[in-house]
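Accompanying notes for the structure given below.
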Amino acid sequence: MGATQVAVHAQQQIPIPPIDYAAITPVLVVLGAACIGVLVEAFVPRRSRWTTQVALSLIALVGAGIALGLHARAGGTGVTTLSDSLAVDGPTLFLWATLLGLGVAAILLIADRSVEPGGAFVAETAAEAEQDSGRERGATSAVAGMRTEIFPLALFSLAGMMVFCAANDLLTMFIALEVLSLPLYLMCGLAKRRRLLSQEAAVKYFLLGAFASAFFLYGLALLYGYAGSVRLAAIAEATAGSDRSDTLLYAGIGLLVVGLLFKASVGPFHTWTPDVYQGAPTAVTGFMAACTKVAAFGAILRVLQVALHGSSWEWRGVMWAVAIVSMVIGVVLGLTQSDIKRMIAYSSVAHAGFLLIGSIALTERGLSGTMFYLLAYGFTTVAVFGVISLVRTAEGEATHLSDWAGLAKRSPLLAAVFTFLMFALAGIPLTSGFIGKFVVFEAALSDGMAPLVVVALVASAVAAFFYLRVIVLMYFSEPAADGPTVSVPGAFTTAAITLGVVVTLLLGVLPTVALDWAGVGGFVS
């Protein structure tokens, strides 16, 4: 039998699954741009790489957003494709749009070279980086073209995030988890300044991330043993009625959820968060803090509401406890921090607890409220880290809280912007943070979780203290004579911060459009 006949015979035996290319075009555009970005690194001259990579990344994200909008407008929701491994439904489109918007803001921060001459990233060895740090700034900018591999890494990670929150089976979800995580491990270690701290953050993130991936994979294996399938719908059918041992179900759920909670930095699985937030380049921290949170909670929502909805009585009490622990850890340890990036890290742990409340409210309100909260939190967080990157000393960013004393006297506009963002994180009215907490807590109350909401309100009140502490420092303290300076932001950083502030304000004043979109449709499987 010839090779052609073998190929024809194989095609007759194994049907090719239909692929809805219109539904997955946003992911294909981002992945394709990431692959082209790798080729740019190999073939485009150094002097042109930065311009090419920035243009390619922004065009890809905008193009993916346009493709998503056209598909949503055509009514293409509620479809599964690629042998039912991806589900493109209402929540998927909302989360993809959120990730693309946050990706644009993060790429703008990463692309800025005016705040840190030559960019904030280094691609040389540690020894070369040490020599480079002693050179004059003019010489530093001469090798700026070497620091552009960060763009394809960010696009690969973003594509993994998009697949992660759309995965319709656990194996696809695991592959997406690795695709989104591995570039992040590298990106965290690329800081030009405080290089050893950055490398330590990358190693810690990698090691703990490997443990979390192992937990996820072992939980996947146990659930496959219980249900006989890795598809979320098949797991849901098995939990509805099965004569198999419940030990596999309980152990599988526990290990799987631990892996997901680690990626979402939910306490007590948060131990990587403060060190990685502090050590990673600030633009990468903003990308990671915003986009990873959206992807992780998108996956958590899909797993809990599709695969584990029928067994909620088995895990819901434990998730109550985890949400409470996360909120307590976030607010208590956040009060003790003297570094502003570590403070925001513990703030994210507290917000993860709030998001978990909406995730375990297995209702349409819980789903839409949690997705709105992710949208609001993401843009506020990107803007926060954009502002942090502007306050600098001779050694680099001024992240110690004492350096922020009297900042309002040095730069009233920057202090006002940061104050507004702190109000949003604290949940003050007329900001997106207030609306986000309101809709999540209201969904929890309607689902009979009043005690958990009371704990969350107390935690929110306590958390407001460390946000207000920064505001008091900026406005009611005298700046040191040799204190830090405020860099004039470039066009990219200005655009990223402006985008975050505008979205934070609009979602606080006119949240109806986003809430209506978040409430359209549920998960399909």
Rg from C-alpha atoms of region 239-289, normalised by the globular rule of thumb 2.2 N^0.38 Å, equals 1.69
Burial order of peptide ranges 263-270, 158-165 (average beta-carbon count within 10 Å, highest first)
158-165, 263-270
Run through every distinct alpha carbon pair of region 346-413 and return the Kirkwood hydrodynamic radius in angstroms, one decimal place.
14.4 Å
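Kirkwood hydrodynamic radius, computed over distinct alpha-carbon pairs, for the chain: how many Å, to one decimal? Don't jump to the answer; show the numbers that get you there.
Details: mean 1/r = 0.0426 Å⁻¹.
Here the Kirkwood hydrodynamic radius works out to 23.5 Å.
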Taking every pair of alpha-carbon atoms in region 484-525, what share in percent sits in each 10 Å bin, from 0 to the bin with the longest distance?
23, 30, 25, 16, 6, 1
Of 167-173, 401-407, ordering from highest average Cβ density within 10 Å down gives 167-173, 401-407
On a C-alpha basis, how far is the centre of region 317-372 from the centre of region 458-525 in Å? Whole number, if you could?
17 Å
Mind ranking 288-297, 42-51 by how tightly packed they are, going by the mean number of other C-beta atoms within 10 angstrom, highest first?
288-297, 42-51
Report the Cα centroid-to-centroid distance between region 11-46 and region 281-306 in angstrom, as an integer.
23 Å
Once every DSSP H run of n ≥ 4 in the chain is given -39500 (n - 2.57) and the sum is divided by its residues, what mean residue ellipticity at 222 nm do you get, rounded to the nearest 500 deg cm²/dmol?
-23500 deg cm²/dmol
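None of the figures in this text is laboratory data; all of them are computed from the coordinates on show. It should be emphasised that the depicted structure is a prediction, and the values quoted were computed from it without experimental measurement. FYI the Cβ positions are ideal-geometry reconstructions off the backbone, even for glycines, and counts take in every protein chain you see.
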